[in-house]
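See below for the structure under consideration.
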Amino acid sequence: MSRPPRILFEDEHCLALLKPAGQLVQGTWAPPGETTLEQDARGHLSPADPDAAYLGIVHRLDRPVSGVLLWAKTQKAARRLAGQFQKRAVVKEYWAVVETDAPAPDAPARPLAAVDVWNDWLTPRTDDSGRIRVVPEGTPGARLATTRILVDDSATLPDGLRLLRLWPETGRTHQLRVQAAARGAPVTGDATYGATLPFAPGVALHARSLQARHPTTSAPLLLSAPLPDSWAPWNLA
C-alpha cells in the first residue's frame, strides 16, 4: 500500500520528495509489503488511479541512500530537466559520514585530502559481489567519474569518522560510495564497500541539496533535504 511521501517542493511542473534510506526509487522488485518511492508519488498525485499519473524520473538515488529526489510532472518538464542533468548544469551536494579506519576493498587506497577532486575510472556494471570497481584508464567499458569533495572538520564526530561534503559532476552507478571506499574512507554502514560499523537504515550518505533551473520559468530552483533521524546522534546541522 502506498504511503504519503514527504514533499519538499511541488507545483504543476515538478515534484521533489525526500527519499528515505532503504527504499527503492522504482522497479518491480520491492519486497512484499513495501512500496517504491515512485508508487508513493503516484499515489500522492492520483489517489484514485495512481497509474494514470504522469511521473518523469530525471535522476536516481541508490536504495540505501537518503535525500532529495526531483521528478517531472509533465513530459515537457521531464525533457528540460533531463537536459540539465545531461549537460551537468545541475549542482548536487551530498553529505557522507565515512570511516577512516576501515580497510579499503580496492588496494592501494588513495589518500583522503581535505579539499580534492576525485577522478576515477569505474566499471559500468556491478560485479557478482554487487560492487562497482575502480579500474585503470583505458579499461574497456570503463567510465570516468568526477567528484569535488571537502572534508568538513567543523563537525564533531567520534574517532575514526569524518564528514565529507561531495559534489558529483558525473552520475555513475555507486559513484560516491566506491570513490570514498577507494580512498580508505567507506561510507558508514556500507558493508558492500568495506565499512565495518553498522548504520540503519541504509548508509550514511544523504543527498543534501539540489540546484537546478525551473523547467518552465528558468528561475533558480534550490531544493534541500533535512537529515534523517538516524543522523541525529552526530548533531550535524
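The values are calculated or read from the model by the stated rules, or taken from the named source; none is laboratory data. The shown structure was predicted, so the numbers you read here are calculated from the model rather than taken from an experiment. Here the Cβ is made from the backbone with ideal geometry for all residues, glycine too, and neighbour counts use every protein chain on show. The area values use the complete protein model at the heavy-atom level, side chains included, leaving out ligands, DNA and RNA. Shrake-Rupley method; radii C 1.70, N 1.55, O 1.52, S 1.80 Å.
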Legend entry - For the stretch 25-71 and the stretch 132-195, distance of Cα centres in Å: 26
Legend entry - Residue-normalised accessible area of the chain, expressed per residue, 1.4 Å probe, Å²: 49
Legend entry - Sequence-distant residues sharing a close amide H with residue 196 (under 5 Å, placed H): 189
Inset, instruction - Check the straight Cα-Cα distances from residue 92 and name the lysines below 21 Å, setting aside those fewer than 8 residues away within the same chain. - result: 19, 73
Legend entry - Distance in nm between pseudo-label sites at residue 30 and residue 236 (7 Å out along the Cβ direction from Cα): 2.6
Inset, instruction - Sort out the exposed loop GluC sites (Glu not before Pro) in the chain (DSSP loop, at most 15 other Cβ within 10 Å) and tell me the longest stretch that has none. - result: 35-136
Legend entry - Total charge dipole magnitude, the stretch 51-164, about the Cα centre, Cβ charges on Lys, Arg, Asp, Glu only, Debye to nearest 20: 960
Legend entry - P(r) tail fraction, the chain - alpha-carbon pairs more than 28 Å apart, %: 33
Legend entry - Length-normalised contact order for the chain - Cα pairs under 8 Å, 6+ apart - percent: 22
Inset, instruction - Inverting the mean 1/r over all pairs of different Cα atoms, compute the Kirkwood radius of the stretch 27-75 and quote it in Å. - result: 11.9
Legend entry - Exposed-site-free run, longest, the chain (rule: chymotrypsin sites (Phe, Trp or Tyr not before Pro); DSSP loop; at most 15 other C-beta within 10 Å): 55-237
Inset, instruction - Please return the longest stretch of the chain lacking exposed loop sites, where trypsin sites (Lys or Arg not before Pro) count only if DSSP places them in a loop and at most 11 other Cβ atoms lie within 10 Å. - result: 126-237
Legend entry - Cα shape, the stretch 50-94, gyration tensor, a/c 1.5 rule: oblate
Legend entry - Sum of -39500 (n - 2.57) over DSSP H runs of 4+, divided by residues of the chain (222 nm, nearest 500): -3500 deg cm²/dmol
Inset, instruction - Taking the Cα centre of the chain as origin, work out the dipole magnitude from +1 charges on Lys and Arg Cβ and -1 charges on Asp and Glu Cβ, in debye rounded to 20. - result: 760
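Rounded, prolate or oblate, given the Cα gyration tensor of the stretch 135-237, with a/c below 1.5 counting as rounded?
oblate
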Legend entry - In nm, spacing of pseudo-spin labels at residue 196 and residue 54 (7 Å Cα→C-beta vector): 5.3
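Assuming R0 = 35 Å, can you tell me the calculated FRET efficiency for the pair residue 217 and residue 137, based on Cβ-Cβ distance, to the nearest 0.05?
Taking R0 as 35 Å, the efficiency between residue 217 and residue 137 is 0.25.
Rounded, prolate or oblate: which fits the stretch 6-100 when a ≥ b ≥ c are the square roots of the eigenvalues of the alpha-carbon gyration tensor, with rounded for a/c under 1.5 and prolate only if a/b beats b/c?
Here the stretch 6-100 falls in the oblate category.
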